[in-house]
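The values are calculated or read from the model by the stated rules, or taken from the named source; none is laboratory data. Bear in mind the structure is a predicted one, so any value in this text is a computation, not a measurement. No Cβ is skipped: glycine too gets one built from the backbone with ideal geometry, and neighbour counts run over all protein chains shown.
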Amino acid sequence: MAVNSPLNRKLRMALVGGGQGSFIGRVHSIAACLDNRAELVAGALSSNPERAKASAGDYAIAAERAYGSYQELIEAESTREDKVDFISIATPNHTHFEIANAAVTAGFNVVCDKPLTFDLAQAEALAEAVTKSGVVFAVTHNYTGYPLVRLAREMIQAGELGEIQAARAFYIQGWLRTRLEESEQKQAAWRTDPARSGAAGCFGDIATHAYNLMRFMTGMVPAEISANLRTFESGRLLDDYGTAVIRFDNGGLGTVTASQISHGRENDLFIEIDGTKGSLSWRQENPNEMIVRQNGRPHQIYTRDPNAPFFTATASAACRLPSGHPEAFFEAFANIYTAAFDDIIRRSSRESIDPSNSIYPNINDGVEGMYFIQQSVLSSQQNAMWLPLRHRLAR
């Protein structure tokens, strides 16, 4: 249920990144404004000042609020009477910390793309800054925004599947089967560059989504990890395939497998969860159906139906259309924004918020994602040695 705004206006958004040639910046702008609760009014759309200002027209940003850098944006917006309510960060990984830390320190709410930062140390420092400032901070692990994912989470919390004992999450792509980065393709170039992407390639880019989805849906708390990452495309500097085995505190086991070199695969994120009373499976490329299985009974297909008696209030609130009309990526992404908007409004009204306990992925989830990347890489470097995985911020 959306929180009514005492502001009597749309929330004002600034976008950092998302200039010409960007994919995810456009997604952020569409998702944030989808429900007419926010409007994009300012931006620093590129690290190149000329390109940043030239890109403003693509978003209908007025020239006076088309800034040449994020520093200029934060300084100027901090002194405006109509300053922005939140800043969205849609830039390569290595820039996330400096931008987010500056925004948080200036008191701006933030929505940041994943992974949270370049490395774990930056993530932990940013979490401290968020705690100190009290701002709302969301991380766009957008797959948690799908209605059936949220339904599955609540079914598991209610014990409908019994004790969760095993989970298998996969994110399989094929777009980096060849050295696409050598063709100066923008998205491939920075994702395969250790200086911009960080310690991991495939595991930092997409395995973090699979891991976050597993944590969100099952609620199981991780204990240890054993990972094996590989770079199959000769000459590439970061991993393009990997598998991790996770031991959870309750004795359960999980696996995360990610690939960017599997022919013909697009964005095939899927998860299977086994409990003592039943199992379920969900696939991002067919997001409006979920299969629930119990031995000796016909398989059940749950469809995205906000009016069905089996749908919870949380899952229904994530829907915008009646059953049978497909809802997908943009709507799920928008659900992260709308949930964060509720907390932004509460903060503006000086209501208390719990930034570590939210339906949207928060700063702690971002830190956990960075710890997962770090420990996966270290484990793989030590011949899949078992290493700790429970971060102190894990809930």
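Could you give every pair whose Cβ atoms fall below 8 Å, whose first residue belongs to the stretch 371-395 and is in a loop (DSSP other than H, G, I, E, B), and whose second residue is at pLDDT below 95 and crowded, with 17+ Cβ neighbours inside 10 Å, counting only separations of at least 6 or pairs across chains?
none
One line per residue, one yes/no per condition, for (1) aliphatic (A, V, I, L, M); (2) under 30 Å from E182 (Cβ atoms); (3) under 21 Å from the mean Cα position of the chain (by Cα):
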site	(1), (2), (3)
F216	no, no, yes
R230	no, yes, no
E233	no, yes, no
G251	no, no, no
V256	yes, yes, yes
Q260	no, yes, yes
E266	no, yes, yes
P287	no, no, yes
G296	no, no, no
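Only one of A167, A200, A195 is within 19 Å of the chain's Cα centre (by Cα) and touching a residue at least 60 places away in the same chain (Cβ under 8 Å); which?
On the way: A167 fails: within 19 Å of the chain's Cα centre (by Cα); A195 fails: within 19 Å of the chain's Cα centre (by Cα).
Unique residue meeting the criteria: A200.
Which one of these is out of contact with any Asp or Glu (no Cβ under 8 Å at 6 or more places or on another chain), more than 18 Å from Y70 (Cβ to Cβ) and modelled with pLDDT of 95 or more: V104, V135, V130, V149? Talk me through it step by step, then tell me what you get.
Values: V104 fails: more than 18 Å from Y70 (Cβ to Cβ); V135 fails: more than 18 Å from Y70 (Cβ to Cβ); V130 fails: more than 18 Å from Y70 (Cβ to Cβ).
After applying the criteria, what remains is V149.
Which of the residues belonging to the stretch 91-124 are in a helix (DSSP H, G or I), among the β-branched types (V, I, T) and either out of contact with any helix residue (DSSP H, G or I) (no Cβ under 9 Å at 6 or more places or on another chain) or more than 14 Å from V16 (Cβ to Cβ) (or both)?
The first filter runs over the stretch 91-124 and keeps only residues in a helix (DSSP H, G or I), leaving 93-105, 120-124.
Then drop every residue that is not among the β-branched types (V, I, T), which leaves 95, 99, 104-105.
Matches in the stretch 91-124: T105 only.
Would you pick out the residues in the stretch 27-52 that are more than 11 Å from V84 (Cβ to Cβ), modelled with pLDDT of 95 or more and either in a strand (DSSP E or B) or charged (D, E, K, R) (or both)?
Result: D35, R37, A44.
Tell me whether the stretch 123-138 contains one or more residues that are of a type in the set (K, R) and crowded, with 20+ Cβ neighbours inside 10 Å.
No - not one qualifying residue is present in the stretch 123-138.
With the requirement that a residue be farther than 30 Å from G252 by Cα, polar (S, T, N, Q) and buried (at least 20 other Cβ atoms within 10 Å of the Cβ), what does the stretch 167-206 give you?
Passing the criteria: T192, S197.
Residues are listed down the side, and each one gets a yes or a no for (1) at pLDDT 95 or above; (2) closer than 30 Å to T231 by Cβ; (3) surrounded by fewer than 14 Cβ atoms within 10 Å (Cβ to Cβ):
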| site | (1), (2), (3) |
| --- | --- |
| T312 | yes, no, no |
| D354 | no, no, yes |
| D365 | yes, yes, no |
| E368 | yes, yes, no |
| Y371 | yes, yes, no |
| S376 | yes, yes, no |
| S380 | yes, yes, no |
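What residue, of S88, S55, S69, S78, is of a type in the set (S, T, N, Q), modelled with pLDDT of 95 or more and crowded, with 19+ Cβ neighbours inside 10 Å? Even if it seems obvious, please write down each step before you answer.
On the way: S55 fails: modelled with pLDDT of 95 or more; S69 fails: crowded, with 19+ Cβ neighbours inside 10 Å; S78 fails: crowded, with 19+ Cβ neighbours inside 10 Å.
Of S88, S55, S69, S78, the one residue that is of a type in the set (S, T, N, Q), modelled with pLDDT of 95 or more and crowded, with 19+ Cβ neighbours inside 10 Å is S88.
Somewhere in the stretch 229-239, is a residue touching a His at 6+ places or on another chain (Cβ under 8 Å), more than 19 Å from W386 (Cα to Cα) and either crowded, with 24+ Cβ neighbours inside 10 Å or not hydroxyl-bearing (S, T, Y) (or both)?
no
Within the stretch 232-241, track down each residue that is among the hydrophobic types (A, V, I, L, M, F, W, C) and over 18 Å from P115 (Cα atoms).
Result: F232, L237.
So F341 ticks every box in (1) at pLDDT 95 or above; (2) loosely packed, with under 15 Cβ neighbours inside 10 Å but one. Which box is left unticked?
Failed condition: (2).
Among the helices (runs of 4 or more DSSP H) contained in the stretch 125-231, which hold 2 or more residues that are in contact with a Ser or Thr (Cβ under 9 Å, 6 or more places away or on another chain), closer than 19 Å to K114 by Cβ and of a type outside the set (A, V, I, L, M)? Quick ask: steps written out before the conclusion?
Details: elements: 147-157, 186-191, 194-197, 208-218.
Helices (runs of 4 or more DSSP H) meeting the threshold: 147-157, 186-191, 208-218.
Please verify whether T314 is polar (S, T, N, Q), closer than 20 Å to T144 by Cα and assigned to a strand (DSSP E or B), treating the condition exactly as stated. Step through it out loud before you land on a result.
Details: polar (S, T, N, Q): yes; closer than 20 Å to T144 by Cα: yes; assigned to a strand (DSSP E or B): no.
Taking the combined requirement at face value, the residue does not satisfy it.
Identify, please: which residue in the stretch 7-21 is assigned to a loop (DSSP other than H, G, I, E, B) and of a type in the set (G, A, S) and is, among those, surrounded by the most Cβ atoms within 10 Å (Cβ to Cβ)?
Here the residue is G18.
Do we have R293 as among the basic types (K, R), surrounded by fewer than 19 Cβ atoms within 10 Å (Cβ to Cβ) and free of Cβ contacts under 8 Å to residues at least 40 places away in the same chain here?
yes
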